[in-house]
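Throughout, read-outs are computed from the coordinates displayed, never taken from laboratory work. Just so it is clear, the structure is predicted and the values come from calculations on it, not from any experiment. Positions of Cβ are backbone-derived with ideal geometry, glycine not excepted, and every protein chain shown enters the neighbour counts.
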Ligand SMILES: [Zn+2]
C-alpha cells in the first residue's frame, strides 16, 4: 500500500526545525520519500492525507510502562494477583497498551508484568490480531527474595509476584536464560528497593555486582539489553560496573556525581520517570499506600536534580513513566512536561520521547524520526510542539496516529480528529 501525506509541517526531531509544505510518501509501512511535493514520485496512491495546519511528528516512545496494571492501587495489589488468571490479565493489559497507541505512543518498553502479559500482547500486536503499539517486553523483572519485586507476606507467600525471584549469580544466570526462552526483548532487574513496595527503602541495594554481571553477560550474549531499577548510589554503581544498558529512576545519583561520568563512558541511558512520584503525591491513597506516598514526596526533588546533572554530563535521557502505577496509560505525555520542568528544552524533551529513546533501544536506524527508510510510525498534532510540549498532554491536539503507515481507527472518532479521504 502506498500513501501520501501532503502539506505537512514535519517536525524534525534531530535538527529541531519544522519543514513546512512537505510531502511524505509511505510505501508498505516505511517512509520512502520526504521532500517537496514537486519531487514526489507520481505513483497512483492508495490513500492521500491533507495535513494542512498540522504538525507531523515521529511516534512517541514510553520506555517504562507496566501494562499489567491500570493505574489504580487495586490493580497492583497482592489480593488481585491472587485471584486473576493470566488470560484475563492479558486481555486487560491489551486494553491498557492500546491507550498508549491512541495518545501517540507508538512504541513502549514494558518494564515488568505479573504473568508475562506484555509478551502475550506484543505477540498479538505483531501478528496483527489486535492493533497496539510496538512493545519491547521484559516479562518479569529479576528480584531478590523480599525485594522490590516480592511484596508477599507469610500469609500470601503462594501468590505470584511481579519479580522473578533470583538470588546469587547462578540463579541470575539461570533465570536470565529462562526469560530469554520465554521471549523477552530486554531483561529488567530490580537493583534496589523502591517507592511503591512496602518494607524496603529506595536506597537499599538489592543486588551485588557479581549477581548483576551474571545476568548481563547472559543477556548480552543472547543479544538482549538490560534495564536496572536503581535509586540509591550503591545500587546505581553496581549496575554501572556490571555493564547494564539503562538505569531506571537514578534518584540519588547526585550523591556520587562520578557515576554520571561512568554512565557516559559505558553509554548507559537514563530513564528518570519524573511524573510517577508527582502523580502519587497528587492522587494519594487512590493509587498508593501511605508509606509509598511518603517515599514519593522525598524523591520528587532528587529526580529533578538527577535530570539536571545528567543533562550537563551529556547522558542520553529517555522518556519513561512507570504508567500503570500512578500514571494512567493515556497520560504518558505528561513526562514531556515534567522533563521540561526539570530543565530540558522543548526540543530535548521531544528527543527524549523519540530519537533518544530509539537510540537507547539500539533501533535508531529504523525508527525515532521521520526519515527515508524508517518505519512510518507518526503522530499528527494540531500545535507546534517546539513552542511548548504541554500541547501533547491534551488529547484534542492529537489528530491522528499512524502505526506502520496505517491511520489508527480510534483517532477517527475523536472530536476535531483528522479525517482521511481517498
Ligand atoms: Zn517500573
task = For n ≥ 4 DSSP H runs only, could you compute -39500 (n - 2.57) per run for the chain, divide by its residues and tell me the 222 nm figure to the nearest 500?
result = -9500 deg cm²/dmol
task = Return one number: the angle in degrees, 0 to 90 and rounded to the nearest 10, between the long axis of the Cα atoms of helix 233-242 and the longest principal axis of the Cα atoms of the chain.
result = 70 degrees
key: residue 298-residue 208 FRET efficiency (beta carbon distance; Förster radius 22 Å; 0.05 resolution)   = 0.30
query = What ranking do 233, 396 get, fewest neighbouring Cβ atoms within 10 angstrom at the top?
reply = 396, 233
note = Rounded to two decimals, the Rg over Rh value of the range 237-370 from Cα coordinates and the Kirkwood Rh reads 0.97
remark   = In degrees rounded to 10, the 0-90 angle between helix 117-126 Cα long axis and the longest Cα principal axis of the chain is 20 degrees
ask   = Fewest to most neighbouring Cβ within 10 Å: what's the order for 117, 211, 371?
value = 371, 211, 117
request  = Quote the FRET efficiency, to the nearest 0.05, computed for residue 167 versus residue 38 with a Förster distance R0 of 60 Å and r equal to the Cβ-Cβ distance.
outcome  = 0.40
task = Could you calculate the FRET efficiency of residue 53 with residue 181 from 1/(1 + (r/R0)^6), where r is the beta carbon distance between them and R0 is 56 Å, rounded to 0.05?
result = 0.65
request  = Starting from the Cα gyration tensor of the range 129-228, take the square roots of the eigenvalues, sort them a ≥ b ≥ c, and report rounded, prolate or oblate (rounded when a/c is under 1.5, otherwise prolate if a/b is larger than b/c, else oblate).
outcome  = oblate
ask   = Over the Cα atoms of the range 194-235, what Rg and Dmax result, in angstrom?
value = 12.2, 35
key: In nm, spacing of pseudo-spin labels at residue 20 and residue 91 (7 Å Cα→C-beta vector)   = 5.1 nm
request  = Kindly list the residues of the range 351-368 that lie in the label zone of residue 30, defined by a backbone N under 17 Å from the point 7 Å along the Cα-to-C-beta vector.
outcome  = 363-368
ask   = Between the helical axis of 168-182 and the dominant principal axis of the chain, each derived from Cα atoms, what acute angle in degrees is found, rounded to the nearest 10?
value = 30 degrees
key: Where labels lie 7 Å past Cα in the beta-carbon direction, separation of residue 153 and residue 404 in nm   = 4.7 nm
request  = Obtain the nm distance between the two label points defined at residue 290 and residue 372 by a simple spin-label model: each point lies 7 Å from its Cα along the Cα-to-C-beta direction.
outcome  = 6.4 nm
key: Taking 45, 88, 136 and counting other C-beta atoms within 10 Å, the order from fewest to most   = 88, 45, 136
message = Over the chain, what is the relative contact order in percent, taking alpha-carbon pairs closer than 8 angstrom and at least six residues apart?
response = 19 percent
Cα-Cα P(r), the chain, percent of pairs per 10 Å interval = 5, 24, 33, 24, 11, 3, 0, 0
ask   = Which order, highest average first, do 33-39, 97-103, 174-180 follow once you tally other Cβ atoms within 10 Å for each residue and take the mean per peptide?
value = 97-103, 174-180, 33-39
